[in-house]
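Visitor: What follows is a single structure, and I will ask about it in a moment.
Coordinate-derived values only; no laboratory data. Please read these numbers as outputs of a predicted model, since none were measured by experiment. Using ideal geometry, Cβ is built from the backbone for each residue, glycine included, and neighbour counts are taken over all protein chains shown.
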Amino acid sequence: MRRSRQWTRRNPVGAVLILSLCLGLSAALTLLKVVNDHRREVELDRDEAFEEGMRKIGLIWQEPDTRAVTISARELAILAGRSPTAWLGPGTSSVSGQRQRSPLRRGPPLRAPAGSFQQQLERELGKRLRSTSGS
């Protein structure tokens, strides 16, 4: 302890530099933890919204009396693999999909606004239907 005190008295600039580097490192690590926690929360929220959207879409095939399902724009953006905040804007909107054909036939099961979203949705529904019919 005595030697370090003597060294800091002889080299105040070096001591301040080392101290500032340590403080900067601790601040960076703290901010990194905050960002990581926020990212984890966003991922969990996105996963929950994806599951909710898929549950709503699955209602069309599981319950024959269901004629239409309303999916929020946020869920639609998440199902499309896009950022919900970039897609939404100031207000919220919704899209309805209606059952048109049997899920086992070829062709689009839903009227969707974007082709890539429709293809992704068909793949996901196909996987889910195969996994539920196989068990």
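Visitor: Got a sec to turn the phi values of region 27-35 into Karplus ³J(HN,Hα) couplings, 6.51 cos²θ - 1.76 cosθ + 1.60 with θ = phi - 60°, whole Hz, x for Gly and Pro?
Guide: Residue by residue, region 27-35 yields 5, 5, 5, 5, 5, 4, 5, 4, 5 Hz.
Visitor: On a full-extension model of 0.36 nm per residue, what is the gain between ARG46 and LEU32, subtracting their alpha-carbon distance, rounded to one decimal in nm?
Guide: 3.0 nm
Visitor: While we're on this one: Could you sort 66-77, 4-15 so that the peptide with the highest average Cβ count within 10 Å comes first and the rest follow in order?
Guide: 66-77, 4-15
Visitor: Hey, another quick one. Would you mind checking which residues have amide H under 5 Å from VAL69's amide H? H placed 1.01 Å from N; only 5 or more apart, or other chain.
Guide: Under 5 Å from the amide H of VAL69: GLY97.
Visitor: Can you give the extra length, in nm with one decimal, that the chain gains between ARG39 and ASP65 once fully stretched, where that is 0.36 nm per residue apart less the Cα-Cα distance?
Guide: 5.4 nm
Visitor: So how far apart, in nm, are the two label points at SER20 and THR8 if each is 7 Å from Cα heading toward Cβ?
Guide: Label-label distance for SER20 and THR8, simple model: 1.7 nm.
Visitor: Now for a separate question. Show me, for region 120-127, the HN-Hα J-couplings you get by feeding each phi into the Karplus relation (A = 6.51, B = -1.76, C = 1.60, θ = phi - 60°), rounded to Hz, glycine and proline as x.
Guide: 5, 5, 4, 4, 5, 5, x, 4
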